[in-house]
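The values are calculated or read from the model by the stated rules, or taken from the named source; none is laboratory data. Small disclaimer: the values here were computed from a predicted structure and weren't measured. Neighbour counts are summed over all protein chains in view; Cβ atoms, including those assigned to glycine, are modelled from backbone coordinates with ideal geometry.
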Amino acid sequence: MSLTKSACPSAHITPYNAAYGRSYTECGAWQNLVLERIAQERPLLVILSNSSRYSSTSGHSSSNPEWWIGGMKETLARIQRTGAQVAIIRDTPSLSHDIPICLSRAAWTGTPLSNCDEPKNQVLNQTFFALDQEAAKDFPTVRFVDFSDILCPEDTCPARINGHTGYRDQHHLAIPTVLDLAESMHNELRDILQ
């Protein structure tokens, strides 16, 4: 089953919602309901994934270690009590432009499509990933799934992946990219459950 809420991370925090112009207090209530449901359902595996772009009204952001790590530790502790394994999927690259628009513009103007590619070290949030790793270090049932080397081979994150548009905007993967990752995801999750 999939339990998601837009703009609400799995870390037990209260993020700032720019669309609402305030702290997203509904997020905490939703998180509690999800964690209660996980406790009732007792799944073998819980998969978590978060955007690396959360912030709060009090000036906290994903670059404030205590805020994020504390929220992730709370979530992981509650899941650990259920006996479930946990897979945390690393966030996708956060590109500086909308990829389909960039590729369309490049094709229209006759410029190389590779002009839409971006440097790996600028679009993958290593700091945020390190915060997740720090939060999980005391939880032996947590494993990380990281497709960065597939999405960003070498030092570049290409706009086109395996001959197709890799993203549907600045950071959401396009369906063909997701399908390309399906076998790798299957293998990663199978290994976690064995």
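Here residue 78 meets the list (1) modelled with pLDDT of 95 or more; (2) under 18 Å from the mean Cα position of the chain (by Cα) almost entirely, failing just condition (2).
Within this structure, residue 68 passes the test of being touching a residue at least 24 places away in the same chain (Cβ under 8 Å) and either in contact with a Phe, Trp or Tyr (Cβ under 8 Å, 6 or more places away or on another chain) or more than 20 Å from residue 47 (Cα to Cα) (or both).
On the stretch given as the range 35-55, residues that are closer than 27 Å to residue 127 by Cα and either touching an Asp or Glu at 6+ places or on another chain (Cβ under 8 Å) or not polar (S, T, N, Q) (or both) total 11.
A residue that is assigned to a loop (DSSP other than H, G, I, E, B), over 20 Å from residue 84 (Cβ atoms), in contact (Cβ under 8 Å) with a residue 60 or more places away in the chain and under 17 Å from the mean Cα position of the chain (by Cα) can be found somewhere in the range 153-168.
In the set 118, 134, only one residue is closer than 28 Å to residue 181 by Cα, touching a Pro at 6+ places or on another chain (Cβ under 8 Å), modelled with pLDDT of 95 or more and surrounded by fewer than 17 Cβ atoms within 10 Å (Cβ to Cβ); that residue is 134. Among the residues of the range 16-60, those that are at pLDDT 85 or above and either of a type in the set (Phe, Trp, Tyr) or in contact with a helix residue (DSSP H, G or I) (Cβ under 7 Å, 6 or more places away or on another chain) (or both) comprise 20, 24, 30, 35, 38, 44, 45, 46.
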